[in-house]
Amino acid sequence: MQQVRTRTSAQPSIIPGEGELRLSPVIHLITGDIVNQVAETQFAFDDRVSFGAGSLFVNRISPALWLAHQVESVARLANETPQATARPILIEAPIAALMHPDTPIACEAAAARGRICPQEICIEVGDATLSQSKSDILKSIEALRRRGFRVGVNATRSWCTPLDTHLRLLLDSVRIDALKVWSEADLLNRIEAASACGMAVIAENARYRDGEKLASVGIELARAPRVDG
């Protein structure tokens, strides 16, 4: 199974304390094909250390610049790894980055520097992000899509924000926790609605042997599904 790891040291980092970057495969549970990838990094924007000698520098980094750096780093890694051809690549973004007015143009420039098309990147935001002002959220998502980026939602930690039809049509994917599908009716309803609108539903903590059962409710994809021993 494809799983690419690197320490992004080829280019000087603008992010103090940047750690390991990894591309984790998303597998089709029925066919076994690798269909896209999730970018994973050791740190998230909101996890930055806010004290110590480097704190003033860290606090000056805008969320738009932070996300743009992730886009460029992921693009360079994907281009340097011949077997990492599946697209799009999901990059999780903090709420501050989604709402920042400079994010779309900064990420577009980063994609160009990394020699990747914006369409090959899916900016993924947390479910809680969607609880912000609806008009502001729609404006931010539409701005990213005008630059060519796909947009997804990570509902592995919470799934409390309703996805109305307009929002579902703007989103390309939703990531969920397979361990909670059968015990949470609200989550299952969201999965079925997302699948019906053509969104890709990606499961975390899925097992290959549950592939057909998950596919029956619209979950055909899983990030690094487990093989039972």
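The values are calculated or read from the model by the stated rules, or taken from the named source; none is laboratory data. Here the structure is a predicted model, which means the values were calculated and not measured. Virtual Cβ from ideal backbone geometry, glycine too; neighbours counted across all protein chains shown. All accessible areas refer to the heavy atoms of the entire protein, side chains included, with ligands and DNA or RNA removed. Shrake-Rupley method; radii C 1.70, N 1.55, O 1.52, S 1.80 Å.
Within the range 192-218, which residues are more than 17 Å from the chain's Cα centre (by Cα) and among the aliphatic types (A, V, I, L, M)?
ALA193, ALA196, ALA206, LEU214, ALA215, VAL217
Collect the residues in the range 159-198 that are buried (at least 21 other Cβ atoms within 10 Å of the Cβ) and touching a Ser or Thr at 6+ places or on another chain (Cβ under 8 Å), keeping them in residue-number order.
If the condition is that a residue be buried (at least 21 other Cβ atoms within 10 Å of the Cβ) and touching a Ser or Thr at 6+ places or on another chain (Cβ under 8 Å), then ARG175, ILE176 are the ones that fit.
Need pairs with beta-carbon distance below 6 Å; first residue free of Cβ contacts under 8 Å to residues at least 40 places away in the same chain and within the range 99-117, second part of a helix (DSSP H, G or I); sequence gap 6+ or separate chains.
Within 6 Å, the pairs are HIS100/PRO63; HIS100/ALA64.
Out of the residues in the range 108-131 that are open to solvent by 20 Å² or more (accessible area, probe 1.4 Å) and under 28 Å from SER183 (Cβ atoms), which is modelled with the lowest pLDDT? Can you show your working first?
Here is the first cut: in the range 108-131, the ones open to solvent by 20 Å² or more (accessible area, probe 1.4 Å) are 108-109, 112-113, 115, 117-120, 128, 131.
Applying the additional criterion that residues be under 28 Å from SER183 (Cβ atoms) yields 128, 131.
Working: ALA128: 82, SER131: 75.
Filtering the range 108-131 for residues that are open to solvent by 20 Å² or more (accessible area, probe 1.4 Å) and under 28 Å from SER183 (Cβ atoms), the one modelled with the lowest pLDDT comes out as SER131.
Tell me yes or no: at least one residue of the range 11-21 is under 18 Å from the mean Cα position of the chain (by Cα) and at pLDDT 60 or above.
Yes: the range 11-21 contains one or more residues that are under 18 Å from the mean Cα position of the chain (by Cα) and at pLDDT 60 or above.
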